[in-house]
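Data block below; observations after.
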Amino acid sequence: MSVATVSRPSPYRWLVFVVLSCAYLLVYFHRTCPAVVAADLMRDLQAGATSLGMLGAAYFYPYALMQIPAGLLSDTWGPRKTITLFFSLAGAGAIWLGLAGSIGPAIAARTLVGLGVAMVFVPTIKIMTHWFTRGEFARMMGILMALGGVGAYTAAQPLAWLSLIMGWRGSFILIGVATLVIAGLVWVVVRNRPEDKGLPPVPDTLSDPPGSDSITLGQGIKMVLGNPRFWAVAVWFFITPGIFFSLGGLWGGPYLMQVYGLSKTQAGGVLSMLAVGMIVGSPLLSWVSDKVLVSRKKTLMITGACLCVLVGILYLATASFSHGMLYLWFFLFAVSSSAIVVIGFTTTKELFPVAIAGTSTGLINLFPFLGGAVLQPVTGWLLQIQGGPQGPYSPAMYQKVFLFYLGLSLVAFICACLTKDTLTREPAKSAL
């Protein structure tokens, strides 16, 4: 009996992954960068708290609405073309934001950024399903999310330093140029699958059940939306990353500066722990889910309970943390509300056949950004009705916001308890 020789995956996949990771790093930079320069934006654009919330949300609405088209284009037009075109639009939007003279153009520019970066994550997942094996996928997702954390880090203290040197306008123009460069590299380097580069297919990738290759877009959408387990994950995604985007991506900076009197660079230092939490937590939670708990559901439940505890502590001790405790709190908050999404996405992917990976991932990816789009301006509104358009806002005012977050966190924990566990046995071993 002969044994078939299985070719090893080409090392070229690492170059593909590096380029896509650089793009995703910039996605997270664009996502969280307003927090550290929020005070500058309010001053120079003459924006109140509600207007600033709208500026932050302008990223999230197009991002959320483009997730279904992102899945469709990934499954039909192809992920490489999709990323290149739309990421170029994001670069143009960032440059426009740096040149904006008032809140209206700034919101329009931020909308263009959100539209452009919306077409990175879902196509990247589609590409990874062809370049990496079944056993590698969750780990590679963890690494990708960790590198997104690097992007969040650059949007904290490094951006604070850069804005002191170049101003926030020069900083956004520079990052816009960098975004255009990465878009060009995606076109030159990335291919949708190894065969497009003349390489053999990667063995043991995610396989589909018979007949799944004939699933149409409409059938795929119906399959996803008709699964009750999808909706438990969807509500969890709306709340958990939504709170992260609201506090970590916008209002954390004003909170630290107004309640604790921190400077922009000091606040940036604390907010950088959000990135550290993502960098450490994403691969760690993937490993815990795969090897320790051997369960997606238990991992979601434990981190959901931790988030409730953390937000409860923030509510009870809004103005009572030491400087060191602020660093620790924001680190743990990032692990529980952002790093954990790697398990949420993996759970969603495992609920459905890979033939509709783009569709299912795109549909679930609506919800975290709808959460950010809703919670950022709602938080601004909650503050503004208490302390006026531009504040400053007192600890008691922020405390009411944190009580609102606590209620949402409890709902998210219930949703985690209702999810289906898509990993119930030890996955097959594979070496990276």
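The values are calculated or read from the model by the stated rules, or taken from the named source; none is laboratory data. What you see is a predicted model; the values in this text were computed from it and never measured. A quick note on method: Cβ atoms are made from the backbone with ideal geometry, for glycine too, and the neighbour counts reach across all protein chains shown.
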Count of the stretch 334-353 residues which are surrounded by fewer than 24 Cβ atoms within 10 Å (Cβ to Cβ) and over 17 Å from Arg296 (Cβ atoms): 1
So Gly71 fits all but one of (1) touching a Leu at 6+ places or on another chain (Cβ under 8 Å); (2) under 30 Å from Phe137 (Cα atoms); (3) surrounded by fewer than 18 Cβ atoms within 10 Å (Cβ to Cβ); what number is the exception? (3)
Single unsatisfied condition, Leu65 versus (1) surrounded by fewer than 21 Cβ atoms within 10 Å (Cβ to Cβ); (2) of a type in the set (A, V, I, L, M); (3) at pLDDT 90 or above: (3)
What are the pairs with Cβ atoms under 8 angstrom where one residue, in the stretch 401-422, is within 19 Å of Arg296 (Cα to Cα) and the other, located anywhere, is among the small types (Gly, Ala, Ser) and not in a helix (DSSP H, G or I)? Sequence gap at least six, or different chains. Asp421/Ser295
Show the residue pairs meeting these rules: Cβ distance below 9 Å; 6+ apart or different chains; first residue within the stretch 319-333 and under 16 Å from Gln399 (Cβ atoms); second residue surrounded by fewer than 19 Cβ atoms within 10 Å (Cβ to Cβ) and among the polar types (S, T, N, Q). Ala319/Ser394; Ala319/Gln399
So Phe321 fits all but one of (1) of a type in the set (Phe, Trp, Tyr); (2) in a helix (DSSP H, G or I); (3) over 20 Å from the mean Cα position of the chain (by Cα); what number is the exception? (2)
Identify, please: which residue in the stretch 371-401 is under 22 Å from the mean Cα position of the chain (by Cα) and surrounded by fewer than 22 Cβ atoms within 10 Å (Cβ to Cβ) and is, among those, farthest from Phe60 (Cα to Cα)? Val378
Test: Val224 is closer than 30 Å to Cys33 by Cβ, of a type in the set (A, V, I, L, M) and either buried (at least 22 other Cβ atoms within 10 Å of the Cβ) or modelled with pLDDT of 70 or more (or both): no
Going through the stretch 343-383 in order, the residues found to be of a type in the set (Val, Ile, Thr) and either farther than 13 Å from Gly242 by Cβ or modelled with pLDDT under 85 (or both) are Ile343, Thr346, Thr347, Thr348, Val354, Ile356, Thr359, Thr361, Ile364
Condition (residue is out of contact with any His (no Cβ under 8 Å at 6 or more places or on another chain), buried (at least 22 other Cβ atoms within 10 Å of the Cβ) and without any contact (Cβ under 8 Å) to a residue 40 or more places away in the chain) applied to the stretch 92-110: is it met by at least one residue? yes
Going through the stretch 220-273 in order, the residues found to be under 17 Å from Tyr153 (Cβ atoms) and either in contact with a Pro (Cβ under 9 Å, 6 or more places away or on another chain) or among the acidic types (Asp, Glu) (or both) are Phe244, Phe245, Gly249, Leu250, Gly253, Ala267, Gly268, Ser272
Residue match in the stretch 255-263 (condition: on the phi < 0 side of the Ramachandran plot and not in a helix (DSSP H, G or I)): yes
When Arg139 is run through (1) at pLDDT 80 or above; (2) charged (D, E, K, R); (3) crowded, with 16+ Cβ neighbours inside 10 Å; (4) assigned to a helix (DSSP H, G or I), the failure sits at (1)
Which is surrounded by fewer than 17 Cβ atoms within 10 Å (Cβ to Cβ), assigned to a helix (DSSP H, G or I) and at pLDDT 95 or above, of Leu314, Leu310, Leu328? Leu328
I want to confirm something. Restricting to the stretch 115-125 and keeping residues that are at pLDDT 85 or above and of a type outside the set (S, T, N, Q), which single residue is farthest from Leu20 (Cα to Cα)? Leu115
What about Gly114, is it touching a Pro at 6+ places or on another chain (Cβ under 9 Å) and either assigned to a helix (DSSP H, G or I) or more than 19 Å from Phe29 (Cβ to Cβ) (or both)? yes
Identify all residues within the stretch 355-410 that are among the β-branched types (Val, Ile, Thr) and over 19 Å from Val311 (Cβ atoms); write none if there are none. Ile356, Thr359, Thr361, Ile364, Ile385
Only one of these is closer than 22 Å to Ala160 by Cβ and not charged (D, E, K, R): Thr32, Thr50, Thr76. Name it. Thr32
Which of (1) in a helix (DSSP H, G or I); (2) at pLDDT below 90; (3) farther than 18 Å from Cys415 by Cα is the odd one out, the single condition Val294 does not satisfy? (1)
Subset of the stretch 156-198 that is of a type in the set (S, T, N, Q) and in a helix (DSSP H, G or I) - its residue that is surrounded by the most Cβ atoms within 10 Å (Cβ to Cβ): Thr179
